[in-house]
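Please treat every number below as a calculation from the coordinates, not as lab data. Just so it is clear, the structure is predicted and the values come from calculations on it, not from any experiment. When we count neighbours, we look across all protein chains shown, and the Cβ atoms used for this are built from the backbone with ideal geometry, even at glycine.
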Amino acid sequence: MGDTSSSEDQVRRRAEGKCELCGAGDELGIRPVTSGAPDSSETSERSVLLCGVCHGQVEGALPLDAKHWFCLQEAAWSDVPVVQVVSYRLLHRLTGEGWATDLIDQLYLDEQTLDWARAGLEASDGDARPPTVDSNGTELADGDSVTLIKDLDVKGAGFVAKRGTLVKNIRLTDDPENVDGRVNKVAIVLKTRFLKKAL
């Protein structure tokens, strides 16, 4: 195994001081991508440089923002295998988006890189998340409509979302306790315990 600091330097030089997925220069950090990785003496070949936003969404600390990930239309074609692997895995998490599905179909990864990318998908499938359900235990899906079962103070937006408000076309997040929706034309995150699926 090589020196960790020199491996980090190699990754930073390769990335030219920018996030290897979206090109941002803020809050950059190295993220190892070891799940399913081929044996390699070079740690730098199994690490990617990510900005804070990309890192938070890749790790699941932040919900996936499909608009942010339009950057994968360029990153997925990188010559760097680890960037291809991360892009491929993210595209599979975005399969509800037509553009992501189309891009997966267009991509070409060599056999070893494709095996690495798929191995990570299998690992994440093994840690299956519980389904997203409303306050009555009814499973929710992307595009469903829900009704608020109590008044909710929307911090930062200056209004109260009233009980009985219909929220159409919700989007699931990586957290089964939250969904994304729009109330009064404002995009907000809603706790599922305060929602009831609309019939």
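Just 105, 134, 115 to compare: in a GNM of the chain, with alpha carbon springs under 10 Å, which one fluctuates most? Per the Cα network of the chain with a 10 Å cutoff, 105 tops the list. Partnerless cysteines in the chain, where a partner means another cysteine C-beta under 4.7 angstrom, comprise 54. Amide H contacts of residue 133 (H built 1.01 Å from N, in plane; Pro and chain starts excluded): 140 sit under 5 Å, all sequence-distant by 5 or more or on other chains. Here the chain is scanned for chymotrypsin sites (Phe, Trp or Tyr not before Pro) in DSSP loops (not H, G, I, E, B) that have at most 14 other Cβ atoms within 10 Å, and the longest stretch holding none of them is 109-199. Have a look at 37, 146, 76 and report the one farthest towards the positive end of the charge dipole of the chain, computed about the Cα centre with Cβ charges (Lys/Arg +1, Asp/Glu -1). The Cα lying farthest towards the positive end belongs to 146. The separation of region 78-108 from region 44-72, counted between C-alpha centres, amounts to 13 Å.
Quick one: grab the alpha carbon gyration tensor of region 4-61, order the square roots of its eigenvalues as a ≥ b ≥ c, and give me rounded if a/c is under 1.5, else prolate or oblate depending on whether a/b is larger than b/c. Verdict is oblate for region 4-61. Between residue 101 and residue 68, the contour length at 0.36 nm per residue exceeds the alpha carbon distance by 10.3 nm.
Within the listed set 187, 66, 100, the residue fluctuating most in the Gaussian network model of the chain (springs between alpha-carbon atoms under 10 angstrom) is 187.
Residues whose amide H falls under 5 Å from that of residue 183, counting only those 5 or more places apart or on a different chain, are 188, with hydrogens built in the peptide plane. Compared with the dominant Cα axis of the chain, that is its longest principal axis, helix 4-15 is turned about 70°.
Contact order for the chain, expressed relative to its length and based on alpha carbon pairs under 8 Å spaced 6+ residues apart, stands at 15 percent.
Placing +1 on the Cβ of every Lys and Arg and -1 on the Cβ of every Asp and Glu, with no other charges, gives region 82-199 a dipole of roughly 1060 debye about its Cα centre. Around the amide H of residue 47, modelled in the peptide plane, lie the amide H atoms of 33, all under 5 Å away and 5 or more residues distant in sequence or on another chain.
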